[in-house]
Amino acid sequence: MPDQSEKDPKMKQPSKAMHFSEPGVPVIRGVNWGGFSALYWKEVRRFFKVQLQTVWAPSITTLMFLIIFTVALGRGDRTILGAPFADFIAPGLICMGMLQNAFANSSFSMLVGKIQGTIVDYLTPPLSVGELLAALVGASMTRAALVGFAVWLAMFIWPGVDVGVTHWWAVLWFGIMGAAMLSFLGVLTSIWAEKFDHAAAVTNFVVAPLALLSGTFYSIDRLSPAFQAVSHINPFFYAISGFRYGFLGQADSPVGQGALILLAINIGLATLCYFLLKSGWKIKS
């Protein structure tokens, strides 16, 4: 039986629609929105498949903090910054849950790829360093937002706690800046870490202490001057203080100053993450 190409000579000629660019010449110009969207949704689906562990479990844990501290320290007419004790610690607990889960998500992404040998899934797609970083950080911030909403909803229906919002701009700004800060820190951890023990060490010796000593459960006005100075160099403090301002209208520090400090920290962390990813340090070697 004769070959089809012998019957039709036109089939032997390459299609004029096919175009091959020279090596090193970018085909996708501008932002690769398709690739960015694919990686972002891949990361979101990864943690959402186990949402009972990644979203709802942290929410229940945070609610337990509220119940325990309210029972232990919130008796009587105890107030802080002019608000009942339960209303005071509720916004801080919401923000703390967001920060910790943003870090947990971004610190896991590339680390598991390095350990399992699937890091090429992040490096070979036609994505720029900025698009790769934005997708990883965006997915982590999405998890932080879902956890924050779940915690807020649980506290909203819990009796004796008022989590009504006074300043929406403060809730959004400090929530976004705080989640971004921990997302960038998680990316740095996943770049540096070589095993899960390294990431756990950062969680246990950096993230957890800074979160617990950030003024979530107390006002720093009641601390000695030395400990107040220590609190002011803790970036978690500015995120939680500003986030609390969005609910209570009161804060432990100047809100504008805290907003600028978090913005500067995020710019610095984003720049560091970008250059480390671009250099391939501990990733491509």
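The values are calculated or read from the model by the stated rules, or taken from the named source; none is laboratory data. Since the model is a prediction, treat every value here as computed from it, not as a measurement. Virtual Cβ from ideal backbone geometry, glycine too; neighbours counted across all protein chains shown.
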*Can you name the number of the only condition in (1) in contact with a Cys (Cβ under 9 Å, 6 or more places away or on another chain); (2) of a type outside the set (A, V, I, L, M, F, W, C); (3) under 29 Å from Leu39 (Cβ atoms) that Thr216 fails?*
(3)
*Name the residues in segment 66-121 that are closer than 30 Å to Val44 by Cα, in contact with a helix residue (DSSP H, G or I) (Cβ under 6 Å, 6 or more places away or on another chain) and among the hydroxyl-bearing types (Ser, Thr, Tyr), would you?*
Ser106, Ser107, Ser109
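So that you can scan it fast, the table gives a plain yes or no per residue for (1) surrounded by fewer than 17 Cβ atoms within 10 Å (Cβ to Cβ); (2) under 30 Å from Lys114 (Cβ atoms):
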| position | (1), (2) |
| --- | --- |
| Ala170 | no, no |
| Trp173 | no, no |
| His198 | yes, yes |
| Val207 | no, yes |
| Leu212 | yes, yes |
| Phe217 | no, no |
| Gln228 | yes, no |
_Given the condition touching a Phe, Trp or Tyr at 6+ places or on another chain (Cβ under 6 Å), surrounded by 23 or more Cβ atoms within 10 Å (Cβ to Cβ) and under 19 Å from Ala211 (Cβ atoms), answer yes or no: does some residue in segment 136-146 qualify?_
yes
*For residues in segment 1-28 being surrounded by 10 or more Cβ atoms within 10 Å (Cβ to Cβ) and among the aliphatic types (A, V, I, L, M), which is modelled with the highest pLDDT?*
Ile28
*asked:* What's the total number of residues in segment 29-53 that are outside any helix (DSSP H, G or I) and either at pLDDT 95 or above or not small (Gly, Ala, Ser) (or both)?
replied: 5
_Given (1) part of a helix (DSSP H, G or I); (2) out of contact with any Cys (no Cβ under 9 Å at 6 or more places or on another chain); (3) surrounded by 18 or more Cβ atoms within 10 Å (Cβ to Cβ), index of the condition Leu133 fails_ = (2)
*Answer residue from segment 97-123, given it is in a loop (DSSP other than H, G, I, E, B) and not hydroxyl-bearing (Ser, Thr, Tyr) and is surrounded by the fewest Cβ atoms within 10 Å (Cβ to Cβ) among those*: Gly117
*Taking into account only those residues within segment 54-96 that are outside any helix (DSSP H, G or I) and of a type in the set (A, V, I, L, M, F, W, C), which is surrounded by the most Cβ atoms within 10 Å (Cβ to Cβ)?*
Ile80
